[in-house]
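**Q** One structure coming up, written as structure tokens, with questions to follow.
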Amino acid sequence: MNQPVELQPDETFVLNVGPQHPATHGVLRIKMEMNGEYIVHAETVVGYIHRMHEKMGEIKTYPQFLMNLSRLDYLGAMGYSHCHALCVEKAAGIEVPKRAEYIRVIMVELNRISSHLVWLGAFIMDLGGFTPLLYTFQAREHILDMMERITGARLTYCYIRFGGVSRDIDDQFIQSARDFMPYMRKELVKYHKLVTGNIIFKKRLIGMGHISPEMCRKYGASSGVARGAGINFDIRRNEPYSVYPELEFEVPVYDGCDNMSRYMVRMDEIEQSLRIVEHALDQLPDGPVMPKKAPKNIKPPAGDYYQATETARGTFGVRLVSDGSTTPYRMKLRSPTYSNMHLFDEACKGLMIMDAMAMMGTLDLVIPEIDR
Amino acid sequence: MINYFREIFSGLWSLFVGMKVTFIEAFSPKVTVSYPYETLKMCDAYRGHIELIENENGDPNCVCCMSCVRACPSGCISLTGEKPEGGKKKVLTSYNLDFTKCSLCSACVEACNFNAIEHSKEYNLASRNKEDFHFDLLARLRERNQ
Amino acid sequence: MILTLTILLAVIIAIAWAAFNAAYLVLAERRGAGIIQRRPGPNINGPFGLLQPPLDGIKLMAKQLIIPDGADKFMYISAPVLVMCPAIMSFVALPYSDWLQAQNIDVGLLMVFAFASMGTMGIVFAGWSSRNKYSLMAAMRSVSQAVAYEIPMIITALTITLMAGTTNLDAIVAQQSENFFHWNIFPLFGETHNILMPFSFLIFFICSMAETNRAPFDLGEAEGELVAGFHIEYGSMGFGLFFMGEYANIVIGATLATIFFLGGWSCPFGLFPGVWWFLIKMYAIIFTIIWIRWTFPRTTIYGLLNLSWKILIPASLVNLLLTAGLMKVF
Amino acid sequence: MICEKLKQALKPLFPAEETIPPVIVAEGEEPAEKTPTPQREAVIETDYAKCGYHLDIKATPEQLVEVVSIIDQNDFFIESITGVDWIEEGEIEVVYDFSRYDFDLCRVVVRTRADRNNAELPTITGVYAGANWHERETAEFFGINFIGHPHLVNLLLPEDSDIHPLRKDFKP
């Protein structure tokens, strides 16, 4: 069906997709050289909302820069703060109470579910189905309400502090989180009925948008892109951090290398995140959520530190070069969609524009996170 | 040949399953709030812009220690205070918040050791004019007291 | 003189009916989407939002019609008219009851299909003259889609003609004018005993959705990749006419399905035949179309063409042959 | 395990390793950035729990492509490329991060330095196609010319700007 056609370069035209385009979920531009509906060559142009977070990291003190991390990715903000906090804690040698670490993991995983729900809705909207978006937003609203009660914000949480979290969770939160589990599982069944089984949806996903494991490796792809290509790679398991070794979950891996595999990986991840939250709530220890002597001035010893975590979008890394002062010497933020998006240029060659857009949807793009 | 027909019929069936889902949803209650006509109450933890807290005399708790100014990542707080004649403590004379720069991160409230600032629960802030977001918190405090 | 006036009046009523339906179907669509998505939909202007369509119309008319630089001006302006006019013209031949019909034409069926296929030309005009790559691609898609889906649709209509022995829409309804079992969709006591007729109805239904560029076949205006498709550069009432033309086409499709398969204005139990039965059946079909739109994702262009050339056309041809054979037997 | 394998594979590239007196080895095992002595051992194993990576390779610009090729042959994926401006030493360090997809965890950091005033480095896009954007980003932020890069234009900054904001002497 979707056989790559013999492309004649002299019959091409350039189609400018973006910076404002419904399928790009933000300001992303793709210069596509097209032959009819087939893409001959694509060049992604990013940077429209570049804010130079890395420079801000150099001129702000450690606690001040903590707030910036929530602004990288507006859907999965908690995971990014978590990574940054872990990196600075490692560098400065701050002990985190066990309860705080559990709360962080619960929040990160709830945030991951909400992020995946937005992805699911937006992805199906890319394919032309509008209704699932609103269903996923209904489920997401429960998570946001829960998290708002504790963190005080719905998107940019600023919840994680060096050494712990800003506020303890209460019984009401635990109860609502427990009530959420059966609800979300029921919702997932609904999504599978409405979307996964649908013949139109299947026709558009199965076998489309091939991304091979080798290509993943060359570009450093992570998250659903790598796991959809049969690579069992999840930082939570491969390079355990926080309290993940104590929690039960599986890493979903599909080896179809196509849109369907990447879709199924993320759908299964929602389920695994529910498991993690459930398990973490069971094991939640008592105790403080901030260390007794919360550090005021953070001055990590000079050195080069690296920390990577699995955020909702993939491997997020923070490289911190410290010179022993209150501001970092260099703060590198390695964002996952940056690598995933880079791969698009090569992977979309020979695809029709419809399938290319569907493939872009499976990459789970959040543009502020590419541009930083 | 059988597979061909099976694919057609299973495809058709999947479409009917999907339609059943939306049909059931159509008879479920609404989940939205008609925003300008109904509003929601913000929870206790909600972080709006900051407001000064007053003591029992109606004066602000603030002692002008400047720790909120230092803590702010965006530099949106500016305050001045002076020592009155014969007084010991500094008295706040102005407290300005540039809300256009504020990112509602709560760093100032956490830095405050004197219980002088809190988050308001306001979320209906909109204006065509940038100056409307340069809040004079002291004036707002007096306004509330009246 | 009186005859002329009557025809004029009939034409005006037909236009008004088309415009009314188009405007309020937009509201129905938005309310329907709201109900499915568990939100109210437009409900502020007037009771149940009933004032929304006229207000939308006023807003669209008050806007400036912007013609892109370098566009073919004549084609650009004529395209929306070319979409809307044939749709309205078709209404002239459509019977809504045994007396409610603008003009009883013997070749009514042919006329409706002739005008229906002209709508595609308006889309091609719009896509070509906008001087926009997106709209051009959308226009090309629309053409291939229209070509692919007109064939099974007309073959299915041919089956009906074969059974009725006439192309007069009035007479086609008269053929099935008793209770449920005489309708073409379930012809137990009809001319033939063709058990494939429900499938033939399905083919007709799918084709009429594809012909009117409705989701899941709205390749011509796929907002996911082509932004807004062929009407990307249109604003103001130019866009409004495209919109109304689309909904008028939906009404035509639903009307034809009612006439061909659901017995027109006859009652399922043979009681009180009249225009109300017709409207009930027609709107039931329209609401199914709306329901489908808010459930499914969009197909791909090759999936769409495969569906037509590999499934629908052979199936409709088999159906035609079978009907002809059965008519010879009985 | 894979760390050892990679070290063995890299050995031919850094023959001087054995000749270095043990005093400097001990010095190199400290956080190396404080006093990055040029005599530092080229390949050192670092404390993962402290730094977050296992292997720290210091390569000269001429060795870079070869080192990266060896890393590529050992099935590493590219994680990121970044720069650090050491203004006091007049050098810009470019840091390449590599990691692995399997459970044989080994994070490798390759460091190479270029002169601040005339920063030029070979590109590794021939080895890792995914280095393209990373190198473009590093190039625009630090003003490094990656020789042989197929499309070295600004990625995140505006196309026509020629500022290098992450250099320490950058004044907006």
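Every number in this text was worked out from the coordinates using simple rules, so none of it is lab data. These numbers were taken from a predicted model, which means no experiment stands behind them. Ideal geometry is used to build each Cβ from the backbone, glycine not excepted, and the neighbour counts take in all protein chains shown.
**Q** If you line up the long axis of helix A:259-283 against the longest principal axis of chain A, both from Cα atoms, how many degrees apart are they, to the nearest 10?
**A** 20
**Q** Using alpha-carbon positions, what is the distance between the centroids of region A:153-184 and region C:249-326, in Å?
**A** Between the Cα centre of region A:153-184 and that of region C:249-326, the gap is 51 Å.
**Q** For A:VAL108, B:VAL17, D:VAL65, which order do you get if you count the other beta carbons within 10 Å of each Cβ and list the fewest first?
**A** Fewest-to-most Cβ neighbours within 10 Å comes out as B:VAL17, D:VAL65, A:VAL108.
**Q** Can you list the lysines whose alpha carbon sits under 23 Å from that of D:LYS7, skipping same-chain ones fewer than 8 residues off?
**A** The reachable lysines, counting only those whose Cα sits under 23 Å from D:LYS7, are A:LYS218, D:LYS50, D:LYS58.
**Q** Okay, moving on. Using DSSP to define loop residues, name the trypsin sites (Lys or Arg not before Pro) in region A:30-93 whose beta-carbon has at most 16 other beta-carbon atoms within 10 Å.
**A** Details: sites: A:LYS31, A:ARG51, A:LYS55, A:LYS60, A:ARG71, A:LYS90; in loops: A:ARG51, A:LYS60.
Hits after loop and neighbour filter: A:ARG51.
**Q** If you find the alpha carbon centre of region D:78-138 and of region A:19-93, how far apart are they in angstrom?
**A** 19
**Q** May I ask for the angle, rounded to the nearest 10°, between helix B:2-26 and the longest principal axis of chain B, with both axes built from Cα atoms and the value confined to 0 to 90°?
**A** So the inclination is approximately 40 degrees.
**Q** Please list, ordered by chain and number, the residues whose modelled amide H lies under 5 Å from the amide H of C:ARG298; skip anything fewer than 5 residues away on the same chain.
**A** A:GLY128, A:GLY129
**Q** Still on this structure, please answer the following. Find the Cα radius of gyration of region D:44-137, compare it with 2.2 N^0.38 Å by division, and give the number to two decimals.
**A** Numbers: Rg = 13.2 Å, N = 94, 2.2 N^0.38 = 12.4 Å.
Compared with the compact-globule rule of thumb, region D:44-137 sits at 1.07.
**Q** Using only the C-alpha atoms of region C:1-70, find the volume of their convex hull and express it per residue in Å³.
**A** Values: hull volume 11.9 nm³, N = 70.
Spelled out: Cα convex hull of region C:1-70, divided by residues, is 170 Å³.
**Q** What lysines does C:LYS281 reach when the alpha-carbon gap must be under 16 Å and sequence neighbours fewer than 8 apart in one chain are set aside?
**A** Of all the lysines, none pass the test against C:LYS281 - Cα under 16 Å, at least 8 places apart if same chain.
**Q** Which of A:LEU117, A:LEU284, A:LEU351 ends up with the largest GNM mean-square fluctuation for chain A, with Cα atoms connected below 10 Å?
**A** In this elastic network of chain A, the residue with the biggest mean-square fluctuation among A:LEU117, A:LEU284, A:LEU351 is A:LEU284.
**Q** Most fluctuating residue of B:ALA45, B:ALA111, B:ALA26 in a GNM of chain B with Cα springs under 10 Å: which is it?
**A** B:ALA26
**Q** Could you list A:PHE123, C:PHE113 so that the one with the fewest beta carbons within 10 Å of its beta carbon is first and the one with the most is last? All intermediate terms of the calculation are to be shown ahead of the outcome.
**A** Details: A:PHE123 28, C:PHE113 20.
By the 10 Å Cβ count, ascending, the order reads C:PHE113, A:PHE123.
**Q** Tell me, what ³J(HN,Hα) does each residue in region C:147-157 have, in order and in whole Hz, if you take phi through Karplus 6.51 cos²θ - 1.76 cosθ + 1.60 with θ = phi - 60° and put x for Gly and Pro?
**A** Here the 3J(HN,Hα) series is 4, 5, 9, 5, 5, x, 5, 6, 5, 5, 5 Hz.
**Q** Follow-up question, since we're still on this one. Report, by chain and number, residues whose modeled amide H sits under 5 Å from the one on D:GLY52, excluding near sequence neighbours (fewer than 5 apart, same chain).
**A** So D:GLY52 has HN proximity to A:TYR306.
**Q** Let me ask another. So, with +1 on the Cβ of K and R and -1 on the Cβ of D and E, and no other charges, what is the size of the charge dipole of the protein assembly as shown about its Cα centre, to the nearest 20 debye?
**A** Numbers: 92 positive and 113 negative charges, 469 e Å.
Taking the Cα centre of the protein assembly as shown as origin, the dipole is about 2260 debye.
**Q** Mind telling me which of B:LEU125, B:LEU40, B:LEU79 comes out most flexible in a GNM of chain B, alpha-carbon contacts under 10 Å?
**A** B:LEU40
**Q** Along each of its three principal axes, how wide is the spread of alpha-carbon positions in region B:50-145, in whole angstrom units, largest first?
**A** 45, 28, 20
**Q** Then there's this: Need one number: convex hull volume per residue for region C:2-329, Cα atoms only, in Å³. Please report the intermediate quantities before stating the final value.
**A** On the way: hull volume 46.9 nm³, N = 328.
Normalising the Cα hull of region C:2-329 by residue number yields 143 Å³.
**Q** Would you please give the residues with an amide H less than 5 Å from that of A:GLU33, counting only those at least 5 places away or on a separate chain, with H modeled from the backbone geometry?
**A** Under 5 Å from the amide H of A:GLU33 lie the amide H atoms of A:LEU15, A:VAL40, A:HIS41, A:ALA42, A:GLU43, each far enough along the sequence or on another chain.
**Q** While we're on this one: Please name whichever of A:THR44, A:ASN68, B:VAL33 sits farthest to the positive end of the charge dipole of the protein assembly as shown, dipole taken about the Cα centre and charges placed at Cβ: Lys and Arg +1, Asp and Glu -1.
**A** Result: B:VAL33.
**Q** Provide the per-residue ³J(HN,Hα) series for region C:90-99, in order, calculated from phi with Karplus coefficients 6.51, -1.76, 1.60 and θ = phi - 60°, each as a whole number of Hz, with x at glycine and proline positions.
**A** 4, 4, 4, 8, 7, x, 9, 7, 5, 10
**Q** Sorting A:GLU101, A:GLU58, D:GLU62, B:GLU85 on the 10 Å Cβ count, fewest up front, what's the list?
**A** B:GLU85, D:GLU62, A:GLU58, A:GLU101
**Q** In whole Å, how far is the Cα centre of region D:144-172 from that of region B:70-109?
**A** 38
**Q** From the phi of every residue in region B:115-120, what ³J(HN,Hα) in whole Hz does the Karplus formula 6.51 cos²θ - 1.76 cosθ + 1.60 yield, where θ is phi - 60° and glycine or proline is x?
**A** Values, residue by residue: 6, 9, 10, 9, 8, 7 Hz.
**Q** Output the 0 to 90 degree angle, nearest 10, between the alpha-carbon long axis of helix C:313-329 and the longest principal axis computed from the alpha carbons of chain C.
**A** 20
**Q** Using a Förster distance of 45 Å, how high is the FRET efficiency between A:ASP170 and C:LEU271, based on the Cβ-Cβ distance and rounded to 0.05?
**A** According to the calculation, E is roughly 0.10.
**Q** With the Cα gyration tensor of the protein assembly as shown giving a ≥ b ≥ c as the square roots of its eigenvalues, does the rule (a/c under 1.5 for rounded; else a/b larger than b/c for prolate; else oblate) give rounded, prolate or oblate?
**A** Verdict is prolate for the protein assembly as shown.
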